[in-house]
Amino acid sequence: MTKHKKIIREIRNLYATKLGQRKGVVVDSYEAMEGGIRTYNFTVLAKDGLHYGYWSGSKPALVERTIAARVVDTGGCEKWNTHSDDELSGWLKYIRRYQGKKSR
């Protein structure tokens, strides 16, 4: 098995251990203006890769767990196998350190 495949397998295993049945976790969010319309953009780490999604208009009044689930269900996905070993190693470190937010 290649190093690349080993890292992906470890990410998926840790994801299952740390996040269980959650669809994903928001790892980045930011506001932007696109064509005069305010957007709220989200990057979600999920078992199969990184998902990207956004809302336009008012900021979504949702908890991060709900936002993550909606982005995974509707957003575009960069599968893990499209990332370099260095990028994968960074996400592996992120998941290893992930503690979650008990209040959400």
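The values are calculated or read from the model by the stated rules, or taken from the named source; none is laboratory data. Please read all numbers here as calculations on a predicted model, not as lab measurements. As a convention, Cβ positions derive from the backbone with ideal geometry for all residues, glycine included, and neighbour counts pool all protein chains shown. These accessible areas exclude ligands, DNA and RNA; they are computed on the full protein's heavy atoms, side chains included. Shrake-Rupley method; radii C 1.70, N 1.55, O 1.52, S 1.80 Å.
Among the listed pairs Lys18/Lys59; Lys6/Lys79; Lys3/Lys79; Lys6/Lys47, which are separated by more than 23 Å between their Cα atoms?
Over 23 Å apart, Cα to Cα: Lys18/Lys59.
Kindly provide the helix-only [θ] at 222 nm of the chain, computed as the sum of -39,500 (n - 2.57) over DSSP H runs of four or more divided by all residues, to the nearest 500 deg cm²/dmol?
About -12500 deg cm²/dmol.
Pull out the extension gain between Gln21 and Cys77, defined as 0.36 nm times the separation in residues minus the alpha carbon to alpha carbon distance; nm, one decimal.
18.3 nm
With a 1.4 Å probe and all protein chains left in place, how much of the accessible area of segment 54-104 comes from carbon and sulfur atoms, in whole percent?
47 percent
Which aspartates and glutamates does Lys5 reach when only Cα atoms under 19 Å apart count, and residues fewer than 8 places away in its own chain are ignored?
Asp48, Glu78, Asp85, Asp86, Glu87
Around Arg12, with a cut-off of 9 angstrom between Cβ atoms, what is the net charge of the other residues, counting Lys and Arg +1 and Asp and Glu -1?
In short, 0.
Roll a 1.4 Å probe over the protein chains and send me the accessible area per residue for the chain in Å².
64 Å²
How many nm is it between the label spots at Glu10 and Ala61, if each spot is 7 Å from the Cα in line with the beta carbon?
The answer from the label model is 4.4 nm.
Gaussian network model of the chain, Cα springs within a sub-10 Å range: biggest mean-square fluctuation belongs to which of Trp91, Trp55, Trp80?
Trp55
Would you list the P(r) distribution for segment 42-104, with all Cα-Cα distances sorted into 5 Å bins from 0 and each bin expressed as a whole %?
4, 16, 23, 22, 19, 10, 4, 0
Among Thr82, Thr39, Thr66, which one shows the highest mean-square fluctuation when the chain is modelled as a Gaussian network with alpha-carbon springs under 10 Å?
Sorting by GNM fluctuation, first place goes to Thr82.
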